[in-house]
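S.K.: Here it is, the structure, as structure tokens.
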Amino acid sequence: MQGFAGIMWLLSMALIIFSGFALFDAAVRREDAYRAADKKTKPFWMIILGIAFVVNLLFPILSFLPIIGLIATIVYMVDVRPAIRALPGGGRSRRGSSSDGPYGPWNGGR
């Protein structure tokens, strides 16, 4: 029985790490990237993935709530994340230079 408990603990930790990574990834993406990819909004995915992460922390893996959270995390990782990453700039938050123009950095005519 200890072997089964050990496997369930490992699966639970993997699920927590997976949902935590998805939550972190959703947090670092730009808000406008979600709209540009036509994939709901950033607050929507932050709430869904945050709930999935908390549920995975609180409930055992064999109950139905972590499985629902796993499905939401898989949808984000398989559908939303690739669509956002396909956008120019990868949807990552970045701070531009004050010399950046609409087509990239301005080099002073050099």
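Laboratory data are not the source of any read-out in this text; all were calculated from the coordinates shown. Just so you know, these numbers come straight off a predicted model, no measurement behind them. Here Cβ is always computed from backbone atoms with ideal geometry, including for glycine, and neighbour counts include all displayed protein chains.
S.K.: In whole Hz, what ³J(HN,Hα) sequence does the stretch 35-45 give by Karplus (6.51, -1.76, 1.60; θ = phi - 60°), x for Gly and Pro?
M.R.: Values, residue by residue: 5, 5, 7, 6, 10, 6, 10, 5, x, 4, 5 Hz.
S.K.: Using Cα-Cα distances under 8 Å and only pairs 6 or more residues apart, what relative contact order does the stretch 10-63 have, in percent?
M.R.: The normalised contact order for the stretch 10-63 reaches 49 percent.
S.K.: Using R₀ = 25 Å, calculate the FRET efficiency as 1/(1 + (r/R₀)^6) where r is the Cβ-Cβ separation of Arg85 and Leu57; round to 0.05.
M.R.: Once the sixth-power term is evaluated, E becomes 0.40.
S.K.: For the stretch 11-81, state which chymotrypsin sites (Phe, Trp or Tyr not before Pro) are in a DSSP loop and have at most 10 other beta carbons lying within 10 Å of their beta carbon.
M.R.: none
S.K.: Going by average Cβ density within 10 Å per residue, which order do the peptides 68-75, 7-14 take, highest to lowest?
M.R.: Ranking the peptides 68-75, 7-14 by packing returns 68-75, 7-14.
S.K.: Hey, what do the phi angles of the stretch 77-86 turn into as Karplus ³J(HN,Hα) couplings, whole Hz, using 6.51/-1.76/1.60 and θ = phi - 60°, x for Gly and Pro?
M.R.: Once rounded to whole Hz, the list reads 5, 8, 10, 6, 4, x, 5, 6, 5, 6.
S.K.: Karplus couplings for the stretch 13-18 from phi (6.51 cos²θ - 1.76 cosθ + 1.60, θ = phi - 60°), rounded to Hz, Gly and Pro as x?
M.R.: Karplus-based 3J(HN,Hα) across the stretch 13-18 equals 5, 5, 5, 5, 5, 4 Hz.
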